[in-house]
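A short write-up of the structure that comes next.
The values are calculated or read from the model by the stated rules, or taken from the named source; none is laboratory data. Because the structure is predicted, anything quoted here is derived from the model rather than measured. A quick note on method: Cβ atoms are made from the backbone with ideal geometry, for glycine too, and the neighbour counts reach across all protein chains shown. Note: accessible area is taken over every heavy atom of the protein model, side chains too, but ligands, DNA and RNA are not part of it. Shrake-Rupley method; radii C 1.70, N 1.55, O 1.52, S 1.80 Å.
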Amino acid sequence: MGEEGLVSDVKDTAAAKPNPKLTLLPLIALIFYEVSGGPFGVEDSVRAGGGPLLALLGFLVFPLFWSIPEALVTAELATSFPENGGYVLWIQAAFGPFWGFQEGFWKWFSGVMDNALYPVLFLDYLKHSFPIFNLMVARIPALLGITFSLTYLNYRGLHIVGFSAVSLAVFSLCPFVVMAILSIPRIRVKQWLVVDFKKVEWRGYFNSMFWNLNYWDKASTLAGEVENPSKTFPKALLGAVVVVVCSYLIPLLAGTGALNSPSSEWTDGYFAEVGMLIGGVWLKWWIQAASAMSNLGLFEAEMSSDAFQLLGMSEMGMLPTIFASRSKYGTPTISILCSATGVIFLSWMSFQEILEFLNFLYAIGMLLEFAAFIKLRIKKPDLHRPYRVPLQTFGATMLCLPPALLLILVMCLASLRTFFVSGVVIIVGLLLYPLLVHAKDHRWAQFEAELPTEAPKNCSDGHSVVSHLHQEVQDESSVSLLSDLRSVNAEQESSTIRPEEAFKLE
């Protein structure tokens, strides 16, 4: 009877395991869509910057001080913690389960807010050609239909989402390659140097730069679904940095260099007009179609990361086990539905409101991630790091300083309404954690008791790394994130690790 139950459990686990894993090219596409999705939305940087110069300098300089440091930190920590949950694991290993949960809640909420933008933007592009989408009677059913359709695609499997992202990325970027080629005879270098500091809107400029260059860490929540993460993640992040920066700079160089348009005309969607002026109506329609498809790719990538983050938090014991339940395609069904519900309820907000709110919450979470990166370097110098940023502790601290200052600047520029809304979200997170502890203590819901402390002997590279690091950080409450003291003591008594071995890890 026991053997039959064991065999059944093994079969259920095998059926739930996602297959196949994400490989390099799909992972690059997913990171590209987590961060960028193409140049759609960067037009406002020209207007807010008072001309092309600050916009071009921003997309040249900001990646050096923001994108590259965040990508390096993500590469080191994602390969050290190759499990679903990503940055939640990093924070709980450095600061304990309470702050790990807060990080997860902030980043999940900001991700859902970000994802609420894309169905709305998709319809905004279509309404230029199909005015019926200006009417609520057509817009609301279309919005729900898009959300449900894309959610179903996520449900069908992460590898499908990954290869769909590759196809969408190629389709979205091709018209800008054509536009850049057609613009070469018309380029005037002096037009790139135009700036009117009287028209510069610093708050909008920094928010635009930050939003278009953040979310490098989001793909870490899918680390458990990546094939050979210790080698795949660093390569994918490097490739994505190159693709993202080029996808911004090349269209901006072409459009601002070939046209003498005033900066006030550079608003969201203006690249379609740039395409018409450079190549004709056919290029305008192609860019509009590409922008619509890009929003679909952005939605898919964000939805995958948000859903697998909830799955990872459930596997760590932070959320009830229902969030870790998988479909026959290996996807977290309840987590996907939860994220989709949040998208529907938040989609009524305006673009600028959502942008500033999610930037603020994201900034708080990133400050905690940089702090965890430095603390783990100091406290766990022997932690197994398949990829290690080639800097000592002081150099790693200096690497994090410029992006940390940028995060603080973005937060200081926020409006009072953003401070209020973000404060409410933070308070909800602070209250939700003890409520979940109480629910576990009184058995209102089923929670995972612990993370595995031993991996199978014939495990993959990523899983063997996970086993090692779990032993490294179990003194930081990574074994049981929401269990009380009695359950922790009971699990320690049944653990295969001897007391003298645990003492050596201190």
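Relative contact order of the stretch 152-300, taken over Cα pairs closer than 8 Å and 6 or more residues apart, is 47 percent. Estimated at 0.36 nm per residue, the fully extended path between ARG203 and VAL61 surpasses their Cα-Cα distance by 49.4 nm.
Working out 0.36 nm times the residue gap between PHE345 and GLN446, then minus their Cα-Cα distance, what length gain in nm do you get to one decimal? The partial results should precede the final answer.
Numbers: separation 101, 0.36 × 101 = 36.36 nm, distance 2.72 nm.
Extra length from PHE345 to GLN446 when fully extended: 33.6 nm.
Rolling a 1.4 Å probe over the protein heavy atoms of the stretch 279-372, with every protein chain left in place, gives an accessible area that is 76 percent carbon and sulfur.
Can you work out the FRET efficiency for the pair VAL194 and LYS328, with r the C-beta to C-beta distance and R0 = 45 Å, to the nearest 0.05? Intermediate results must be reported in sequence, preceding the final value.
Details: r = 57 Å, r/R0 = 1.26.
Efficiency at R0 = 45 Å is approximately 0.20.
Reducing the stretch 85-127 and the stretch 157-233 to their Cα centroids gives an inter-centroid distance of 19 Å.
In this simple spin-label approximation, THR321 and TRP282 carry label points 7 Å from Cα along the Cα→Cβ vector, and these lie 6.0 nm apart.
For a protection proxy built on the mean count of beta-carbon atoms within 10 angstrom, sort 306-312, 72-78, 93-99, 50-56 highest first, please. Don't skip to the end; give the middle numbers.
Numbers: 306-312: 28.1, 72-78: 26.1, 93-99: 20.3, 50-56: 22.6.
Taking the mean over residues of other Cβ atoms within 10 Å, the ranking is 306-312, 72-78, 50-56, 93-99.
For the pair PHE394 and ASN228 in one chain, pulling the backbone fully straight at 0.36 nm per residue adds 56.8 nm over the alpha carbon distance.
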